[in-house]
Amino acid sequence: MSTRVTIRIFAATCFCAASVVGQQTPGHAAAPALAKVSTQAPAQKWHTPWGDPDLQGTWTNATTTPLERPAKYMGREFLTKEERAAQDKVTEVATDKRHERGTPQDVEDAYNGAWWDRGRSDGRTSLIYDPPDGLIPPLTAAAKKRIAAMPHLDTALEGQPGTGVYAGPESVDLYPRCIIRAPLPRVPTGYDNNYEIVQSPGLVAIYQEQIHETRVIPISRTAHLNSGVRQWLGDSRGHWEGETLVAETTNFGDQATFQNASKNMKLVERWTRLADGHIDYRFTVSDPDTWSKPWSAMIPWNKTGTLYEYACHEDNYGLYGILAGARAKEKQASSK
């Protein structure tokens, strides 16, 4: 498999600095179309020297298949061959089209195709397969109230200095502060969708390319941490079910929430190696404080090349710009 190493300047709009990352060629980003979302055992087995299923290697979950099913595909789990080819064609050329120079849209487009690693369609109309409609279940009444009460940037800066959503660095999201990229579970984004799995007896470690954090999952059915201990990526416990790694994660915190879930969300993930270069990854999230019922998604993980250091903090002016902009907004509001 060919691998290209791209030097990316992670612009201030993304709050990070220069990084060097391992990236696969676009043609390898999507798994073959899946006939069914099933749990069938793999025809071949990959085992470590100590006998555990072997998931080791570097993988990408890049795909343009959306998390939720678009309205135009309602009632359909799969794209036609022609629709899939058309989507992939749009992916190839869309980011190389430029809007009128000097317009806000031109600036917001930011990168062309050389910078992105979106992958390709996997042939399905949504990553979510349960519920069958491909949509996140409705929010509970309590969740709607909680989300409505969240501070928003356009209103939070209208108060007194130091009281807005960006009162100081601690009130800024973890991503701009180069702590973690996103909460669990990880769904594909525009680039840096790469992971490295390393195993030892009793442990599975998953290294995330951006922002270089490593999940260490003990293979143990011991109890989770005390509920008073909360972590950005939660507390994971893993076990093997046949050839599948199953990890249950709880004890999330308030600063990294998936799809507006509460810190009481429970995440169950499953990794099954179906081919030398393909892992079937799926997750189920449940949170009675947020959704009316649990829901599940499947994302193909495909083998890719060597991962390189992602150095987010070097020359990172993004956080300074965010805080300086907030103070300028407050000053402007107080002078009216």
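The values are calculated or read from the model by the stated rules, or taken from the named source; none is laboratory data. Owing to the predicted nature of the structure, the values given are computational and were not obtained by experimental measurement. Glycine also receives a Cβ, built like all others from the backbone with ideal geometry; neighbour counts cover every protein chain displayed.
What are the residues in segment 96-132 that are under 21 Å from the mean Cα position of the chain (by Cα) and among the hydrophobic types (A, V, I, L, M, F, W, C), if any?
Answer for segment 96-132, where residues must be under 21 Å from the mean Cα position of the chain (by Cα) and among the hydrophobic types (A, V, I, L, M, F, W, C): A110, A114, W115, W116, L127, I128.
Give the number of residues within segment 47-73 that are within 24 Å of the chain's Cα centre (by Cα) and over 24 Å from D280 (Cβ atoms). Please lay out each step first, then the result.
To start, the set of residues in segment 47-73 that are within 24 Å of the chain's Cα centre (by Cα) comprises 54-71, 73.
Keeping just the survivors that are over 24 Å from D280 (Cβ atoms) gives 71.
Number of matching residues: 1.
Looking at N260, N251, which is the one that is touching a residue at least 24 places away in the same chain (Cβ under 8 Å), at positive phi and surrounded by fewer than 17 Cβ atoms within 10 Å (Cβ to Cβ)?
None of the others qualify; the one that does is N260.
Please state which of the following conditions D280 fails to meet, knowing it meets all the rest: (1) surrounded by fewer than 20 Cβ atoms within 10 Å (Cβ to Cβ); (2) over 29 Å from P169 (Cα atoms); (3) in contact with a Ser or Thr (Cβ under 8 Å, 6 or more places away or on another chain).
Of (1) surrounded by fewer than 20 Cβ atoms within 10 Å (Cβ to Cβ); (2) over 29 Å from P169 (Cα atoms); (3) in contact with a Ser or Thr (Cβ under 8 Å, 6 or more places away or on another chain), only one is false for D280: (1).
Taking the residues in segment 175-225 that are of a type in the set (S, T, Y) and at pLDDT 90 or above as candidates, determine which candidate is farthest from F283 (Cα to Cα).
Per the stated criteria, the residue is S200.
Taking segment 182-210, which residues are touching a Phe, Trp or Tyr at 6+ places or on another chain (Cβ under 6 Å), over 20 Å from H239 (Cβ atoms) and in a loop (DSSP other than H, G, I, E, B)?
Answer for segment 182-210, where residues must be touching a Phe, Trp or Tyr at 6+ places or on another chain (Cβ under 6 Å), over 20 Å from H239 (Cβ atoms) and in a loop (DSSP other than H, G, I, E, B): P183, G190, Y191, E209, Q210.
More than 17 Å from the chain's Cα centre (by Cα) and in a strand (DSSP E or B) - does that describe any residue in segment 252-266?
No, segment 252-266 has no match at all.
Spot the failing condition for P104; the list is (1) surrounded by 15 or more Cβ atoms within 10 Å (Cβ to Cβ); (2) modelled with pLDDT of 80 or more, and only one is missed.
P104 satisfies all of (1) surrounded by 15 or more Cβ atoms within 10 Å (Cβ to Cβ); (2) modelled with pLDDT of 80 or more except (1).
So, of the residues in segment 211-233 that are over 20 Å from the mean Cα position of the chain (by Cα) and not in a loop (DSSP other than H, G, I, E, B), which turns out to be surrounded by the fewest Cβ atoms within 10 Å (Cβ to Cβ)?
Restricting to residues being over 20 Å from the mean Cα position of the chain (by Cα) and not in a loop (DSSP other than H, G, I, E, B), the top hit is P218.
Using the structure shown, decide if A110 is of a type in the set (G, A, S), out of contact with any Leu (no Cβ under 7 Å at 6 or more places or on another chain) and either exposed (fewer than 11 other Cβ atoms within 10 Å of the Cβ) or at pLDDT 85 or above (or both).
Numbers: of a type in the set (G, A, S): yes; out of contact with any Leu (no Cβ under 7 Å at 6 or more places or on another chain): yes; either exposed (fewer than 11 other Cβ atoms within 10 Å of the Cβ) or at pLDDT 85 or above (or both): no.
Against the criterion (of a type in the set (G, A, S), out of contact with any Leu (no Cβ under 7 Å at 6 or more places or on another chain) and either exposed (fewer than 11 other Cβ atoms within 10 Å of the Cβ) or at pLDDT 85 or above (or both)), A110 does not qualify.
Here are the criteria: (1) modelled with pLDDT under 95; (2) within 19 Å of the chain's Cα centre (by Cα); (3) within 22 Å of K263 (Cα to Cα). Tell me which single one L135 does not satisfy.
Checking L135 against (1) modelled with pLDDT under 95; (2) within 19 Å of the chain's Cα centre (by Cα); (3) within 22 Å of K263 (Cα to Cα), the one that fails is (1).
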